[in-house]
1. Once label points are set 7 Å from the Cα along Cα→Cβ at both residue 148 and residue 220, what is their separation, rounded to one decimal in nm?
2. Please list 217-229, 199-211, 276-288 highest first by mean number of surrounding beta-carbon atoms within 10 Å per residue.
3. Using 0.36 nm per residue, how much length does the chain from residue 200 to residue 170 gain when fully extended, once their Cα-Cα distance is taken away?
4. Give the calculated FRET efficiency between residue 211 and residue 308 to the nearest 0.05, with a Förster radius of 25 Å applied to their Cβ-Cβ distance.
5. So for region 92-303: antiparallel DSSP bridges make up what percent, rounded to the nearest 5?
6. Need one word for region 129-227: rounded, prolate or oblate. Basis is the Cα gyration tensor (sqrt eigenvalues a ≥ b ≥ c); a/c below 1.5 gives rounded, then a/b vs b/c decides.
7. D for region 92-303, whole µm²/s, Stokes-Einstein with Kirkwood Rh over alpha-carbon pairs at 10 °C and 1.306 mPa s: what number?
8. Show me the ranking of peptides 235-247, 101-113 by mean Cβ neighbours inside 10 Å, starting with the highest.
Ligand SMILES: [Zn+2]
Ligand SMILES: [Zn+2]
């Protein structure tokens, strides 16, 4: 914990700026980018980019997010190079007027988990992925798009991907879906919240347990759930081939992978999952990650400093 905070503080050294080139891990967290997404109300109170109130300062929230998603060993590997992306741009949106598919990704909750809505504008059905907070904002996006949620699917059962799940389920009646290997984590959501100092929001037991290669449908939108354990025992990724879109949760990040030293995580397993399940998909696919910027799958296959594609 101390090491990580020290790294974060070091990153504020004068002269550090945004760069297109690969940046050493000692410069990884860029607080100026992160705080950009917050409105400071006074010295103690903030709202995030969705208007949600946060009592913690952006620095504290960022420290929590880094602590959850990057292991200490990862942060210590200063010889490794990580592309922190030119900008800490959390958003991904695709609304091709010619397409009948609505896709929107936006950061929610105290750890700014990327929540995605993917729906069919004709039938009005939509799949909601990882409602990690800001339930009012999620409902507003759905209302404005004229969509109704028919399934709430989770990449995994870390609390930051679940905080609004109970409220959205209550308001929409849509079933909560999760891989059964993450049931113990779902049972421990309250403990996870207390460990990270985040208020717990009760979530009912998932009504549907996802399987590997299970089809995901919302009107004309068709996807597939892929079992990609490693970050957690039941981590899943969601592949929408027609949209060339992969939702990878915390399994794969732009220039990084999910940490594996928490609650059942396993490094060889995440490596195997990424290589066998993700790096075998279309290279040109857009990857929506669990936090932070999206990426292109082929870029990670060739340049990810932790897991590269196996030679063909
Ligand atoms: Zn996670
Ligand atoms: Zn996460």
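Taken together, the values in this text are just the output of simple stated rules run on the coordinates, not laboratory data. This one's a predicted model, so the numbers in the text were calculated from it and none came from an experiment. Cβ sites come from the backbone with ideal geometry, for glycine too, and all protein chains shown count toward neighbours.
1. 2.0 nm
2. Peptide ranking by packing, descending: 217-229, 276-288, 199-211.
3. Values: separation 30, 0.36 × 30 = 10.80 nm, distance 1.62 nm.
Residue separation times 0.36 nm, minus the Cα-Cα distance, leaves 9.2 nm.
4. Details: r = 28 Å, r/R0 = 1.14.
It comes out at approximately 0.30.
5. 70 percent
6. Cα axes put region 129-227 in the oblate bin.
7. D, rounded to a whole number, is 95 µm²/s.
8. Result, highest mean first: 101-113, 235-247.
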